[in-house]
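Take a look at this one; I'll ask things after.
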C-alpha cells in the first residue's frame, strides 16, 4: 500500500485545473499547493512555527545538500528530517539529480549513476539511483523523488531521447531499491525536454512502471514561458487522473496560475525566498524592490492588500532601511511576506476552482499584478 | 517634571545591590536590568514580539548609526523610533559619542563638538552636544544620554582630566538643549578613566548639574576585569541613591553579576547578540561554541537547564549544522537563546536580591558557569 492517498475532489469545467487532497503520514495537503523550499533542513530565515502561521502544508528539502551537510546518516540518527528540523507536517525530498547535474564540469554521467565532486570541498562522490533512494530513505520524507536527469535547455533530440530513456531505467531501479513504501511515497519523473513525442515516450514508460505520483521535470530550465506552457499543455493529459502531478522548480505567481490551469497539483521553487533575501517582494500590484529610493519615506505596507505579519506591522520605509543595512530582519520580513503571498495565492486558486471562477480569478489577478495576457 | 520615576525597592544587606523600578512613558522597567542592543532600529535577528516573549523590558538603540542610516529626520517623520521599528516598550538611545570617538583618525575633537567622517561613505559630519540632543529628541527614546567623551584605555591622567572636564561642560550644554523633558529623560555620564580622584571629580560635577539618572562611562574599554570592578566599587557610592545607575557597554554574565553587586541598575552590550551570530551560546555550564565538531551528533539542547524556545525545540547537532551552513536560523536561534539567558539571569538576580540570597546565588552561578573566584 502506498504511503499517500490522493483524492481528486473536482476538475475545473473550463480548464485543466484540479482540486484535490493528498493524505500523507504527516497529515493532509490541499492541492493545488506551493511547497516552500528548505534546502538545508531549514526554510531560509523562517521557523517551523512561522511556516505554520502562513499555512504551509508541506515543504521541500534537497537530498544533495543534506547528503553533503550534515549527511543523511546524521539526519537518520537524529530520528529523521522531521525531527531533526522540528517540522511535523509533510516533507518532500528531491533526489539530488537536479543539483548533481547542475554541477556541470564537476560531474560525469554513466549508466550506473553520476560521479561528481562536492561544490563545498571538491571531494569525490558517486550517486546511483539506489544510492539516492538510500539517502532519501534515511531522510524519511513523506514523498521522495526518483533519481533522474534533468536535460538542459536547449538540448538536441538525440541527447534528450538518450537521457529520458536512461531516466526510465533509473526510475525502475529507484522503485526496486525503495524500502519504506508504507511510510514514503516515491514519485516518478517525466522528462523529454521540449519534444512532444519524447514527452509521450517518457510519460508512457514512467507511468508503465507505476508510481503513486508523477512529476514533470525538465521545465523552467531557461526556456521561454510560452514553451513551458505548451509542453505542460500536452504533458499533463498523458498522466493518470488519479495521481498527483508535480511541476518541479516553478514558483512565480504567473507560472503557478498557468500551471494550475494546465492540470498541475504541486509546485516548488526557491524564488520567493531567494528574492526576499535580495530585498524584493511579491505584491498584488506586482513586484516591489524594497531597496529603491522611492520607498525611503513610503510609510505604507509592502502590499496594502495583504494582511500578513509583515504588512500589518511594518512600512516600506522601515523595510527599505533594513534591506540597505543588511539586517537579518529584512530577510525575515520579506521571506515571510513572499511565502504568505504564494500560499495565499494558491488558497485563492483552490477557492476559485471550487467556485467555478478560476478564469475570472486568473484574469483579475494578471490585470492587477501587471500582466496583460 | 522628569519623564521617568525611579523607585528604590530594596538594597541588599551584604552587597551594594539594589532592587528598583523605573516608570517610563512606555511602561515600567524592573531593575537591575540588561538592555538588548538594537543598533539600527532592530535587535539583530529578532522581532519585537520575540523580544517580548523573552521579557525584554527596554532596548537600546544607537544614535550615531541611526543618524547615518536612515537619518533621524526620517525616523521622526515615521512617528519616532518606537513606531518606526514597531516596539512599544521603553527605548534608551546613547548619544553617539562612543561611536564617534571609536572612529579614531576619522574624527577631530574640539570644544564645540566632534568633526568626523562617516564610516559608510566618508562624508563629513559635525556633532556637538546640541546636535546629539537634537537627534535624540527626534528619535524620541524614553531615556537619552548626554554627549560625552569615552576616554580610551590606557590614557594618562592629564588626558583623562581634560576629557572629563569637557564632558562636564558638554553635559551642561546637553541639559540646556534638551527639549522633551516631559517625554524623554536625559542621563548624565560620569567619566574619569581608572583614576579614583578623577571619578570623584566627574561624579561631583555631573551630579551637581543634576539628571534623572546617571551612567558610568569609560569602563569595559579594554581594562582588566579587576580594575573595572575596582572603579565601579568606588564610583557607584558617589552617585545619588535615588537615581538609576547605568553601566554602559557591559554584558557578559559574570560582569552583570559583579556590576549588580556594586550597585548598578542597568546594563547594555552587543555581546550576547554578536557572539550568537558567531555561533556561540551562553549556557548555565559556560559557553558552547556550537560550530565545534564535538556537537556534531549531540542531540541535547544548547543548555539542558534552559526552557527557551531554542532549547525546547532544537538540538546542538541541528544548530551546529545551521551554523556551519551560515543559515539565518542559526543566528535567530542563538540570539534568542543568548538574550533569554541574560534576561533570565537578571530576573534570577532580582529574585535573589528580594530573597536576601544574592551572594549565594552568585557563588552557585560562578561554580556552574566555570568561574572559580
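Yes or no: residue B:135 surrounded by 23 or more Cβ atoms within 10 Å (Cβ to Cβ) and assigned to a helix (DSSP H, G or I)?
When the stated conditions are applied, residue B:135 passes them.
Restricting to the range B:319-344, give me the number of residues that are facing another protein chain (nearest Cβ under 9 Å) and either over 10 Å from residue A:40 (Cβ atoms) or touching a strand residue (DSSP E or B) at 6+ places or on another chain (Cβ under 7 Å) (or both).
The number of residues fulfilling the criteria is 7.
Name every residue in the range A:117-131 that is surrounded by 15 or more Cβ atoms within 10 Å (Cβ to Cβ) and within 16 Å of residue A:71 (Cα to Cα), in order of residue number.
Result: A:117, A:118, A:125, A:127, A:131.
Here is a yes/no grid of residues against (1) over 29 Å from residue A:13 (Cα atoms); (2) under 17 Å from the mean Cα position of the chain (by Cα); (3) at pLDDT below 95; (4) surrounded by fewer than 19 Cβ atoms within 10 Å (Cβ to Cβ):
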{"residue": "A:218", "(1), (2), (3), (4)": "no, yes, no, no"}
{"residue": "A:228", "(1), (2), (3), (4)": "no, yes, no, no"}
{"residue": "A:244", "(1), (2), (3), (4)": "no, yes, no, no"}
{"residue": "A:247", "(1), (2), (3), (4)": "no, yes, no, no"}
{"residue": "A:254", "(1), (2), (3), (4)": "no, yes, no, yes"}
{"residue": "A:276", "(1), (2), (3), (4)": "yes, yes, no, no"}
{"residue": "A:288", "(1), (2), (3), (4)": "yes, no, no, no"}
{"residue": "A:297", "(1), (2), (3), (4)": "yes, no, no, yes"}
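Given the conditions (1) surrounded by fewer than 22 Cβ atoms within 10 Å (Cβ to Cβ); (2) more than 30 Å from residue A:320 (Cα to Cα); (3) touching a strand residue (DSSP E or B) at 6+ places or on another chain (Cβ under 7 Å), report the number of the one that residue A:238 does not fulfil.
(3)
Another question about this same structure. May I ask you to list the residues in the range B:114-132 that are over 19 Å from the mean Cα position of the chain (by Cα) and part of a helix (DSSP H, G or I)?
Residues satisfying the conditions are B:129, B:130, B:131.
Take the range A:210-230 and flag every residue that is in contact with a strand residue (DSSP E or B) (Cβ under 6 Å, 6 or more places away or on another chain) and closer than 16 Å to residue A:251 by Cβ.
Scanning the range A:210-230 gives A:215, A:216, A:217.
Hey, can you tell me all the residues within the range B:141-160 that are part of a helix (DSSP H, G or I) and either closer than 18 Å to residue B:61 by Cα or touching a helix residue (DSSP H, G or I) at 6+ places or on another chain (Cβ under 6 Å) (or both)?
Of everything in the range B:141-160, just one residue is part of a helix (DSSP H, G or I) and either closer than 18 Å to residue B:61 by Cα or touching a helix residue (DSSP H, G or I) at 6+ places or on another chain (Cβ under 6 Å) (or both), namely B:160.
Among all residue pairs at least 6 apart or on different chains, which show Cβ distances below 6 Å where the first residue, located in the range A:1-13, is under 14 Å from residue A:28 (Cα atoms) and the second is exposed (fewer than 14 other Cβ atoms within 10 Å of the Cβ)?
From the range A:1-13, the pairs are A:3/A:182.
So, in the range A:186-229, of the ones that are without any contact (Cβ under 8 Å) to a residue 24 or more places away in the chain and in a helix (DSSP H, G or I), which residue ends up farthest from residue A:164 (Cα to Cα)?
Restricting to residues being without any contact (Cβ under 8 Å) to a residue 24 or more places away in the chain and in a helix (DSSP H, G or I), the top hit is A:226.
Another question about this same structure. For the structure I just gave you, tell me whether residue A:94 is in contact with a helix residue (DSSP H, G or I) (Cβ under 9 Å, 6 or more places away or on another chain), under 30 Å from residue B:315 (Cβ atoms) and within 12 Å of chain B (Cβ to nearest Cβ).
no
Please specify each residue of the range A:41-74 satisfying the condition of being in a helix (DSSP H, G or I) and either surrounded by fewer than 24 Cβ atoms within 10 Å (Cβ to Cβ) or within 7 Å of another protein chain (Cβ to nearest Cβ) (or both).
Correct list: A:48, A:49, A:50, A:51, A:52, A:53, A:65, A:68, A:72, A:73, A:74.
Let me ask something else about it. Return only the number of the condition from (1) more than 14 Å from every other protein chain (Cβ to nearest Cβ); (2) outside any loop (DSSP other than H, G, I, E, B); (3) in contact with a strand residue (DSSP E or B) (Cβ under 7 Å, 6 or more places away or on another chain) that residue A:2 does not satisfy.
Every condition holds for residue A:2 apart from (2).
Can you go through A:326, A:313, A:338 and tell me which one is surrounded by 21 or more Cβ atoms within 10 Å (Cβ to Cβ) and at pLDDT 95 or above?
So the residue among A:326, A:313, A:338 that is surrounded by 21 or more Cβ atoms within 10 Å (Cβ to Cβ) and at pLDDT 95 or above is A:338.
In this structure, is residue A:352 crowded, with 16+ Cβ neighbours inside 10 Å and modelled with pLDDT of 95 or more?
Spelling it out, residue A:352 is indeed crowded, with 16+ Cβ neighbours inside 10 Å and modelled with pLDDT of 95 or more.
Turning to a different aspect of this structure: Restricting to the range A:89-111, name every residue that is part of a loop (DSSP other than H, G, I, E, B) and touching a strand residue (DSSP E or B) at 6+ places or on another chain (Cβ under 8 Å).
A:89, A:90, A:94, A:95, A:96, A:103
In addition: For residues in the range B:75-84 being at the interface with chain A (Cβ under 7 Å from one of its Cβ atoms) and touching a helix residue (DSSP H, G or I) at 6+ places or on another chain (Cβ under 7 Å), which is surrounded by the most Cβ atoms within 10 Å (Cβ to Cβ)?
B:84
A further question follows. Suppose the filter is farther than 26 Å from residue A:336 by Cβ and buried (at least 20 other Cβ atoms within 10 Å of the Cβ); does residue B:31 pass it?
Answer is yes for this residue.
The values are calculated or read from the model by the stated rules, or taken from the named source; none is laboratory data. What you are looking at is a predicted structure, and each value in this text was computed from that prediction instead of being measured. With ideal geometry, Cβ positions are generated from the backbone for all residues, glycine too; neighbour counts draw on all protein chains shown.
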